[in-house]
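Notes to accompany the following structure.
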Amino acid sequence: MQQESVLREPLILGDKTYHQITEDVCAPVEGKANKYWYIVFTLSVIVALWGVGCILYTIGRGIGTWGLNTTVDWAWDITNFVWWVGIGHAGTLISAVLLLFRQKWRMAINRSAEAMTIFAVMMAALFPGIHMGRIWMGYWVFPLTNTYGSLWVNFNSPLLWDVFAISTYFSVSLVFWYIGLIPDFATIRDRAVKPIQKMAYSTLSFGWTGDVKAWIRFEEVSLVLAGLATPLVFSVHSIVSMDFATSVVPGWHTTIFPPYFVAGAIFSGFAMVMTLLIIARKVLSLESYITIKHVEYMNIVIVITGSMVGVAYLSELFISWYSGVEYEGYAFLNRATGPYWWAYWSMMTCNVVTPQLFWFKKIRTSLVASFILSIFVNIGMWFERFVIIVTSLHRDYMPSNWSMFHPTFVDIGIFLGTIGIFFTLFLLFSRFFPVLALNELKSILKSSGDNYKNNGTHE
């Protein structure tokens, strides 16, 4: 067995045994949900239904219900799309990259992070479809065989890159997430008493036996999928950023976008993981497994990626000045001092200033401070997407084309609705699926468990 330094803080707190871990992780699935779960679930469903109503209204009446105009033809829809794609990055990063580096602290948070990835990408996929206006013509963006006459020009749309990138990313992430769940489904199957529950989890577990051969193959498949998923973390958001970088719009036409978007995606993704896990550890009584140390590790990643994003912001300002291009310089001056100055400075405050508070150990080990700052980061990242998209478009080369974007109740409703759908899906996941990687937690008990580290023995 691998021995771990006593100086390292334990990752599993309390006097836990293998059986106790099973009981604690399976309790939310097998038992009844508490009142907090029902309260949050009810609120999420209400907001989700409002969003679905706004989406149906948009499909029925057209995208004229949004605040778009002839100048700002991309606004909240694409802002929300890029924001959700960014949030979906952390799950695969935590699971795949940290698995390849054999980081033990991923064990308690990877399952929730992977689920968050799946649901966030689903929310992102809604927006390009809605943005088409006529959603029933959505099959035009797919590479179907040429059986309907001449080739469709829609296939040349840059958004098609996103279709390929995100569908690949979603597929690999879904398989990775599900493969990891199979041993845990088998554990719940073996413990199930109700016939329907036993049948459901038997189907989901794919006849898992738990013998040595099965575990060897499980490990091999996990490593292969992690190796496939790791490049996708960097490729997907690079492709999303090229939707902007390949244009000639001042503020978009820049080569810094791919690494800048990837760093921002990891930044916002970890913040959302933080928000969800701090709630989950309290509601599901998982304080012994999602510890302060896990929160601190995630805060360290947030402060590193936040600093990278801050450097990217300053680089953009320097390049716009150094280029000597009048239009490029004005685009950034307009961001900081124009009509949307409040969005720009909200972005700078939330994304550059706020994460630097995590340099202080007292703050990065505080659950309340971490929760509040993670929300600030997500707000800041949304403003970043808004600033990039709207402020670059609303003042074109010709002053006669200048106009302002004002969101309608439909814009706001669809955005809040996707947040409601996201939380509804996550709450259902926490109710029927094990939130923690049960069998992976057991693998680190004797090396990182509190009782084993303190006693130096295992009974």
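The values are calculated or read from the model by the stated rules, or taken from the named source; none is laboratory data. What you are looking at is a predicted structure, and each value in this text was computed from that prediction instead of being measured. For neighbour counting, all protein chains shown are included, and Cβ atoms are generated from backbone atoms with ideal geometry for every residue, glycine included.
Take VAL377 and decide whether it is assigned to a helix (DSSP H, G or I), closer than 14 Å to MET272 by Cα and among the β-branched types (Val, Ile, Thr).
The answer is yes for VAL377.
Could you list, in sequence order, all residues of region 392-439 that are touching a residue at least 60 places away in the same chain (Cβ under 8 Å), among the hydroxyl-bearing types (Ser, Thr, Tyr) and farther than 16 Å from GLY338 by Cα?
Once the filter is applied, which keeps residues that are touching a residue at least 60 places away in the same chain (Cβ under 8 Å), among the hydroxyl-bearing types (Ser, Thr, Tyr) and farther than 16 Å from GLY338 by Cα, region 392-439 yields THR408, THR418, THR424, SER430.
Of the conditions (1) surrounded by fewer than 23 Cβ atoms within 10 Å (Cβ to Cβ); (2) in contact with a helix residue (DSSP H, G or I) (Cβ under 7 Å, 6 or more places away or on another chain); (3) assigned to a loop (DSSP other than H, G, I, E, B), TYR289 fails just one. Which one is it?
(1)
Working only within region 8-65, note down all residues that are closer than 28 Å to LYS198 by Cβ, not in a helix (DSSP H, G or I) and not hydrophobic (A, V, I, L, M, F, W, C).
Answer for region 8-65, where residues must be closer than 28 Å to LYS198 by Cβ, not in a helix (DSSP H, G or I) and not hydrophobic (A, V, I, L, M, F, W, C): LYS16, THR17, GLY31, LYS32, ASN34.
Which residues, taken from region 346-368, are touching a Phe, Trp or Tyr at 6+ places or on another chain (Cβ under 9 Å) and not basic (Lys, Arg)?
If the condition is that a residue be touching a Phe, Trp or Tyr at 6+ places or on another chain (Cβ under 9 Å) and not basic (Lys, Arg), then SER346, MET347, MET348, THR349, CYS350, ASN351, VAL352, THR354, PRO355 are the ones that fit.
Considering region 186-196 alone, what residues qualify as being more than 30 Å from the chain's Cα centre (by Cα) and in a helix (DSSP H, G or I)?
Listed by number, the residues that qualify are ASP190, ARG191, PRO195, ILE196.
Working carefully through the options TYR327, TYR322, find the one that is surrounded by fewer than 20 Cβ atoms within 10 Å (Cβ to Cβ), free of Cβ contacts under 8 Å to residues at least 12 places away in the same chain and among the hydroxyl-bearing types (Ser, Thr, Tyr).
Testing whether each residue is surrounded by fewer than 20 Cβ atoms within 10 Å (Cβ to Cβ), free of Cβ contacts under 8 Å to residues at least 12 places away in the same chain and among the hydroxyl-bearing types (Ser, Thr, Tyr) leaves just TYR322.
Have a look at MET272, MET242 and point out the one that is among the aliphatic types (A, V, I, L, M), surrounded by fewer than 19 Cβ atoms within 10 Å (Cβ to Cβ) and in contact with a helix residue (DSSP H, G or I) (Cβ under 8 Å, 6 or more places away or on another chain).
Result of the check over MET272, MET242: MET242.
Would you check if there is a residue in region 82-105 being in contact with a Phe, Trp or Tyr (Cβ under 9 Å, 6 or more places away or on another chain), among the charged types (D, E, K, R) and either touching a residue at least 40 places away in the same chain (Cβ under 8 Å) or in a helix (DSSP H, G or I) (or both)?
No, that holds for no residue.
Please go through (1) touching a Pro at 6+ places or on another chain (Cβ under 7 Å); (2) part of a helix (DSSP H, G or I); (3) more than 25 Å from THR79 (Cα to Cα) for ALA280 and return the number of the only condition it doesn't satisfy.
(1)
Tell me yes or no: at least one residue of region 72-90 is out of contact with any Cys (no Cβ under 8 Å at 6 or more places or on another chain) and under 26 Å from LEU445 (Cβ atoms).
Within region 72-90 (the criterion being out of contact with any Cys (no Cβ under 8 Å at 6 or more places or on another chain) and under 26 Å from LEU445 (Cβ atoms)), the answer is yes, since at least one residue qualifies.
Residue-by-condition table, conditions (1) free of Cβ contacts under 8 Å to residues at least 60 places away in the same chain; (2) aromatic (Phe, Trp, Tyr); (3) touching a Ser or Thr at 6+ places or on another chain (Cβ under 7 Å):
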position	(1), (2), (3)
PRO259	yes, no, no
LEU277	no, no, yes
ILE302	no, no, no
THR305	yes, no, no
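Within the bounds of region 227-237, is there any residue that is buried (at least 20 other Cβ atoms within 10 Å of the Cβ) and over 19 Å from the mean Cα position of the chain (by Cα)?
The answer is no; no qualifying residue exists.
Would region 208-222 turn up any residue that is crowded, with 20+ Cβ neighbours inside 10 Å and assigned to a helix (DSSP H, G or I)?
no
Looking only at region 198-217, how many residues end up being within 30 Å of the chain's Cα centre (by Cα) and within 15 Å of VAL29 (Cβ to Cβ)?
The number of residues fulfilling the criteria is 5.
Would region 147-168 turn up any residue that is closer than 28 Å to PHE426 by Cβ, at pLDDT 80 or above and outside any helix (DSSP H, G or I)?
Checked region 147-168: no residue is closer than 28 Å to PHE426 by Cβ, at pLDDT 80 or above and outside any helix (DSSP H, G or I).
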